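Accompanying notes for the structure given below.
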Amino acid sequence: MIKAIDINAKEWFDKINGNSYFSGTITIDYGTEKEETFLMPFQYGYGFSYEHEAKATLTQFNKISPDYETLNSYCKRVGIILRSNIERRCKKRELKLIETKYNEQLKTI
């Protein structure tokens, strides 16, 4: 049973085209033996898109149920602690760096 989900995302706004993009990581049960981390690669999205993507990712890997509700509602209903944050006004290279670091970690496993 999952006890906590941590979502850490960064957002970049493309002023030329007027679009927002994000990337980040999702960590389940941070600091425990069952800790797992998943990547949200660089992609288009604004507002709370990063939370929707986190739910889709966790559903894809069969970590949570695909119920038709927000991640926040799901976590409240089943008793999972949800910590979610996004850093806005980042540079594009900062978002790409998340993906690079994630891929480097996978190589060491």
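Readers should treat all values here as calculations from the given coordinates under stated rules, not as data from a laboratory. All of these numbers come straight from a predicted model, not from anything done at the bench. When we count neighbours, we look across all protein chains shown, and the Cβ atoms used for this are built from the backbone with ideal geometry, even at glycine.
Here are some notes:
- Descending by average beta-carbon neighbour count within 10 Å, the peptides 73-82, 59-68 line up as 73-82, 59-68, the highest first.
- Using the rule -39500 (n - 2.57) for each DSSP H run of four or more residues, divided by the residues of the chain, the 222 nm mean residue ellipticity is -10500 deg cm²/dmol.
- Straight-line cross-link partners of Lys92 among the aspartates and glutamates, defined as a Cα under 15 Å from its Cα and at least 8 positions apart when in the same chain: Glu11, Asp14.
- The lysines whose alpha-carbon is closer than 21 Å to the alpha-carbon of Lys107, local same-chain residues fewer than 8 away aside, are Lys34, Lys96.
- As a length-normalised measure over Cα pairs under 8 Å and 6 or more apart, the relative contact order of the stretch 4-108 settles at 35 percent.
- Considering only Tyr68, Tyr102, Ser20, and ranking their Cα positions along the charge dipole of the chain that arises from unit charges at the beta-carbon of Lys, Arg, Asp and Glu, the one farthest toward the positive end is Ser20.
- Radius ratio Rg over Rh of the chain, counting only Cα atoms, Kirkwood formula for Rh: 0.98
- Using the Cβ-Cβ distance between Leu97 and Ala4 with R0 set to 30 Å, the FRET efficiency works out to roughly 0.75.
- Nearby lysines by direct alpha-carbon distance to Lys91 (threshold 22 angstrom, same-chain neighbours under 8 apart not counted): Lys10, Lys15, Lys101
- Dipole magnitude for the chain: computed about the Cα centre from +1 point charges on Lys and Arg Cβ and -1 point charges on Asp and Glu Cβ, it is near 320 debye.
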